[in-house]
Amino acid sequence: MVDPAYSRPISLKEPMWITPEERSANITKDLKVAARRFLCPACGREFSLFQSRAVACKFCPQANQNCPNVRCPHCDSEFPIKGFIVPDKQDSVRINNYTDNVFNNFDDTYNRR
């Protein structure tokens, strides 16, 4: 049986503890939400938004254009971010912008010649 608290949506507006070690490593609430693990409703396997964007959405043209969906890297099923990872549009836009920025900066730094 899946623990409902484990897979419930989490919002950037909810109180979230960041340890001094996390703070010194520049870990933010955005990163903690994007890296949080979730269960795919279709296959039941775990993944994070980072995994989704980096693996399943890597070559999708909408992956860095504020896409409202998340794709399971295991079964390739797609679901709306709203209610699955974050509860409202403001949160989903903020998380999308954050992950897009992380991956765009990674590409600019490591993958382009």
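Some points to look at:
- The average projected area of segment 12-111, computed from the convex hull of its Cα atoms over all directions, is 6.8 nm².
- Nitroxide proxy distance, nm - points 7 Å out along Cα→Cβ at VAL93 and ARG45: 3.4 nm
- Relative contact order %, segment 19-102, counting alpha carbon pairs below 8 Å whose residues are six or more apart: 25 percent
- Here is the list for segment 2-82: chymotrypsin sites (Phe, Trp or Tyr not before Pro) lying in DSSP coil, each with at most 15 other C-beta atoms within 10 angstrom of its C-beta, are TRP17, PHE59.
- Pairs exceeding 21 Å between alpha-carbon atoms, taken from LYS29/LYS58; LYS58/LYS89; LYS29/LYS82: LYS29/LYS58; LYS58/LYS89.
- Comparing PHE103, VAL33, SER52 along the charge dipole axis of segment 12-111, the residue lying farthest to the positive side is VAL33, per the Cβ-charge model.
- Rounded FRET efficiency, nearest 0.05, which uses the C-beta distance separating ARG37 from PHE59 and R0 of 30 Å: 0.80
A short reminder: the numbers here are calculations on the coordinates, not readings from a lab. What you see is a predicted model, and the numbers here were worked out from it, not measured in a lab. Ideal geometry is used to build each Cβ from the backbone, glycine not excepted, and the neighbour counts take in all protein chains shown.
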